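The next block holds one structure in the form of structure tokens; read it before the comments.
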Amino acid sequence: MIYAPIFKRFAAFFIDEVLVTFLLIATFYQEFAQISGDEKAMEAFVTAHLFEYFAINYCYQTFFVWQYGATLGKMGFRITCVNAENLRPNFANSSMRALAKIIGMMLLYIPFFAAFSSPKRQTLHDILARTYVTNVVRSADV
């Protein structure tokens with residue numbers, strides 16, 4: 001396995017967060033459109049919809065990792081999530097990974113820093129779900 005570099009994982013994470021935020025705004029567009037430009041109202045909007053944000057993020061992460069082995073951000077950077085057998089994670093692993101990732105986000109991203117000291121570049125949510133993030137290997141690369 002060729003483990004994905006941390007910079008690719010970070011870039012994919014950023015893309016995914018933008019997409020999830022867009023989904024949240026699209027879901028509550030009427031409410032969001034009314035507060036555009038008002039900083040206090042924007043703060044209240046974010047606070048009021050944290051649960052929905054995490055629910056959308058959980059569903060997005062679980063579905064894409066379970067069905068495709070990668071979120072849209074990971075696909076864009078040609079990295080994928082696999083289990084120990086180098087296969088796409090099952091639903092239970094994908095769900096555990098998504099839940100642990102969200103908890104890590106709530107804990108100020110501190111569990112994400114495990115990737116810097118792990119030889120397999122695993123974050124805490126990867127360790128708990130028994131997954132790895134690897135570079136996608138094309139047949140021409142082999």
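Can you find even one residue in region 43-60 that is under 24 Å from Thr21 (Cα atoms), free of Cβ contacts under 8 Å to residues at least 40 places away in the same chain and of a type in the set (Asp, Glu)? Yes.
You will find that of Ala33, Ala26, Ala70, Ala41, the residue that is among the small types (Gly, Ala, Ser) and within 26 Å of Arg121 (Cα to Cα) is Ala70 and no other.
The condition of being modelled with pLDDT of 95 or more, out of contact with any Pro (no Cβ under 6 Å at 6 or more places or on another chain) and assigned to a helix (DSSP H, G or I) holds for only one of Ala44, Ala12, Ala33, that being Ala12. For region 61-104, name all the residues that are more than 23 Å from Phe22 (Cα to Cα) and in contact with a Leu (Cβ under 7 Å, 6 or more places away or on another chain). Across region 61-104, the qualifying residue is only Met96. Among the residues of region 28-74, the ones that are among the charged types (D, E, K, R) and within 20 Å of Met105 (Cα to Cα) come to 3 in all. The condition (being closer than 28 Å to Thr134 by Cβ and at pLDDT below 95) is satisfied by just one residue among Leu72, Leu108: Leu108. Taking the conditions exactly as written (at pLDDT 95 or above, surrounded by fewer than 13 Cβ atoms within 10 Å (Cβ to Cβ) and polar (S, T, N, Q)), does Gln67 satisfy them or not? When the stated conditions are applied, Gln67 passes them.
The values are calculated or read from the model by the stated rules, or taken from the named source; none is laboratory data. These numbers come from a predicted model, not from an experiment. In this analysis, Cβ positions are derived from the backbone assuming ideal geometry, glycine residues included, and neighbour counts consider all displayed protein chains.
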